[in-house]
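We did not get these values from a lab; they are worked out from the coordinates using the rules stated. All of these numbers come straight from a predicted model, not from anything done at the bench. Cβ placement follows ideal geometry from the backbone for every residue including glycine, while neighbour counts extend to all protein chains displayed.
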Amino acid sequence: MTDIKNNVLLRNGFCNFFGIALLFIAFGANAGNHIAKRDTVLRRNPGVITRQGPYRPSRTLKHDLIHTRLDVEFDWLRQHVHGTAIISMKPHFYPQNTIELDAKGFEIKSITQLSDPGNFGSATLKELSEKSSKKLDFSYDKRKLIIKLTKEYTARDTIVVKIDYVAKPNELPRESQNENPNEKGLYFINPDGMDEGKPKQIWTQGETEGSSCWFPTVDAPNVKFTQDIYVTVDSTYKTLSNGLLISQEPDNSGLRTDHWKQSLPAAPYLTMIAVGDFAVAKDMMPNGLELSYYVEPKYGGDAHAIFGRTPEMMAFFSNIFGIEYPWEKYAQIAVRDFVAGAMENTTATVHEEGVQTDARSILDGNSDAVIAHELAHHWFGDYVTAEEWGQLPLNESFANYSEYLWSEYYIGKNEADWQNLQELKTYLAEAETKQVPMIRYFYKDRENMFDSHSYAKGGRILHMLRKYVGDDAFFKSLQTYLKAHALGTAEISDLREAFEKVTGEDLNWFFDQWFFRPGHPLLKIKQEYSTATNKVLLKITQTQDTLASTVYRLPLKIDVWSGGKKNRYSVLVDKANQTLEFPSAKKPDLVIFDAESQLLGSVEQEKDRAELVYQYNHSDQFVQKYEALAQLEGKLQDSTARNVLIKAMTDPFWKLRQMAISNFAEYDGDSFAAIEKIIQSRARTDRHPQVRAEAIITLASFGDNNNDPVFREALSDSSYQVVSVALDKYLVNQPADAKDVAAQFEDSPDDAVVASVGNYYAGLAEPDRYEWFLEKMKRMKPTEKYNFLQVFGKYLIKSKQDVQRKSIPVLEGMARNNPSYFVRFGAYQALGLLTDIQGVPAIRKDIRAKETEPKLKEMYTQFGEL
């Protein structure tokens, strides 16, 4: 699973709002999915690690599920599921005279045991009802269903039970106040059709234990079964589920029953259905495997632009993982109000609606990262599944790192390393307040596992492991792991053993320090040169709390540059205080610690201006060039540093060009005219939209430069991002044609462009624009709606009280009821601008008190609101 990706956020010019938006989205990720839920499992005190929460073993298996058949239809008005589940199973080892199933909030109609049902996956319910059956007694507490069998069965026996039930996902019992009421397993979207502009849909989200909210099962990741699902819907709707579509049978009442069959076993949390009005585009792999893309009808023509790199991704992952994609099909579907960024249901990934965009928007950034993440799960997570949620990094770390692998292959190493650096920063930001082991046997809530440790840190650990053993051994080890546990489950020791089998090396030290210890290395490097011995001395101190974590063993590379020549050394840092020596005929021009930029941790190494300049000019590693430019920031008064930044404005890699250009914001020093000319050229001709946009922002910072013709020219740029930034900069000066230009763009299909127009309208604060703001917000996707709420807030601040008062019930409704928690927070923020109006502080207090989303409650606490 991954959380909402932020590529669309970066298209907008309102960067001051994005910091908060991205902060909130990070609290959902995971990571992506998978985007995540978090709590502190281990709290660090000096020298002490205190466990929080009980020991969490994998589920004890009393029975092995073999096959599940589901027949479901829907009561849209009541938001109920009418279902029949037929489940076959065997006692796992010990004889059993009862069956225990997870079934949350059901109304159980009847339970019978079927004898000799034959192929019950393809038989009709009528045919099955005619089979010999026995009514069974049961007990049920709205969470656990205990079925009493008529005798004791052994592991040699197959038991088949038929359960008729009604699932009521909106009426689930909650064991504690900490349970998230938004986790329902199955969701009805706009069920009465009253929400104008929103389609009617049904979709499911099973991770972690949501599947048992809509069908009875053993809802644990160490359980696997095959399945047949019969979905009865209005014949105008399309359906999607796991496996292949076997048949579609209409009846005389306008309904249709679709039969989906998955013949390979998978865990319950990966079972899915989706219902709605979708356009479907398809691709075909050379081996005949079908790929399909379900989107809302208006995006039907863009489906291949959004998902069209999936066939090449599938071929790439099949090749590097050493196992061809193992499932029967692969579908991807975008749904409204999804509660996670995306979810890797076996053969059928669900994406949140933000993945849908037009082909022009994709110029500013595609969704390949999340698409690659969810596809990679079909090996790591679906094919081989972590046996317990505390082992989640076996799923999420690989999916996270697969984003890097795909980017490295498809775009290039610089792009992958830039993404790698962002993921590292994401983990380090979380580590400021949370440091826990990667593999957790003690925790309060399984949802705590979905954090930047399992995602971002895990991906970086795999990167280090790859660098340590080498590419051939790394990918051979993955193949060994996948083959050994195919269609089964695994724990972290299984991964270690696969690497040890391939490399012949004991890797306990690596897995112990990275997967079982909290924290990361903090290294302080002091560099000296001895003229007496002609040696470079690196004095290395590990400054992390070594009692709470460990003294790390760090094999890495060090580059020593002297006389224009680079010498690379392989070293092992494994002491709290350690000195390394390297020969050098003279004081070196540069020493680079961790020359492959692969270390997960923080390194403090002072470098003077000359060393930083040398590092940018000579390094071939993105991270090293990036760090050099970052440390030269603010040194434009120095001609040498300035010349490096001028050179970097034409660097081959876009991120370095963007970074260099941003350094010249508000610059008015030497060579200004020449520098301005370079930036104007970047704004007009750079091949990357983020560089063009950065150039426009920088040009706008040059004093009375708002009349630069570049802004007007950029309004016809191919990139929405560039247009939105240029529009904002052009309109802020209120030129004579401002109203005409704003009117030209106010109905743009891109929400960032609309937000730029809104920013202009907010400054005018015209009362008759109030309805315009509401109408634009109504159709926006959640992320863009959050950003637009900030613009709407600016409009309200400048408006008269009658307009402000009109907005209060609108904002209150959004703050209480919007499906997206960060949209709720955006509305809550906007209300905070109106606290001078009587009653608003009380409304905000009541909103906080009644909020049930753990992520948002935590954020209220972080901001001192609770």
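General remarks:
- Where labels lie 7 Å past Cα in the beta-carbon direction, separation of Lys444 and Trp76 in nm: 4.0
- Net charge over other residues, Cβ less than 15 angstrom from the Cβ of Lys261 (K, R count +1; D, E count -1): -4
- Computed FRET value (nearest 0.05) for Ser235 with Gln862, which takes r as the C-beta separation and R₀ as 60 Å: 0.80
- Hits among lysines - C-alpha to C-alpha of Lys413 under 22 Å, sequence gap 8 or more where chains match: Lys5, Lys425, Lys457, Lys467, Lys476, Lys557, Lys566, Lys625, Lys647, Lys655
- Extension gain, Lys501 back to Lys806 (0.36 nm per residue minus Cα-Cα distance, nm): 103.0 nm
- Efficiency of FRET from Cβ geometry, Asn170 and Phe672, R₀ 60 Å, rounded to 0.05: 0.45
- Approximate spin-label separation Thr852-Gln578, in nm, with each point projected 7 Å along Cα-to-Cβ: 5.2
- Zone residues, segment 524-538, relative to Tyr569, backbone N less than 14 Å from point 7 Å out along Cα-to-Cβ: 526-531, 533-538
- Counting only residues at least eight positions apart within a chain, or on another chain, the aspartates and glutamates with an alpha carbon under 18 Å from that of Lys739 are Glu713, Asp728, Asp747, Glu766, Asp768, Glu771.
- Anchor Lys444: aspartates and glutamates whose Cα lies under 12 Å away (excluding residues fewer than 8 positions away in-chain): Asp39, Glu179
- Full-extension gain in nm, Lys135 to Gln52, via 0.36 nm per residue minus C-alpha separation: 25.4 nm
- The modelled label-to-label distance between Asp358 and Asp251, using points 7 Å beyond Cα along the C-beta direction, is 4.2 nm.
- Overall form of the chain per C-alpha gyration tensor (a/c, 1.5; a/b vs b/c): oblate
- Unsatisfied cross-links (Cα-Cα over 24 Å) in the set Lys184/Lys806; Lys162/Lys224; Lys162/Lys200: Lys184/Lys806; Lys162/Lys200
- On the basis of the beta-carbon distance and an R0 of 35 Å, Lys413 and Asn817 show a calculated FRET efficiency of 0.15.
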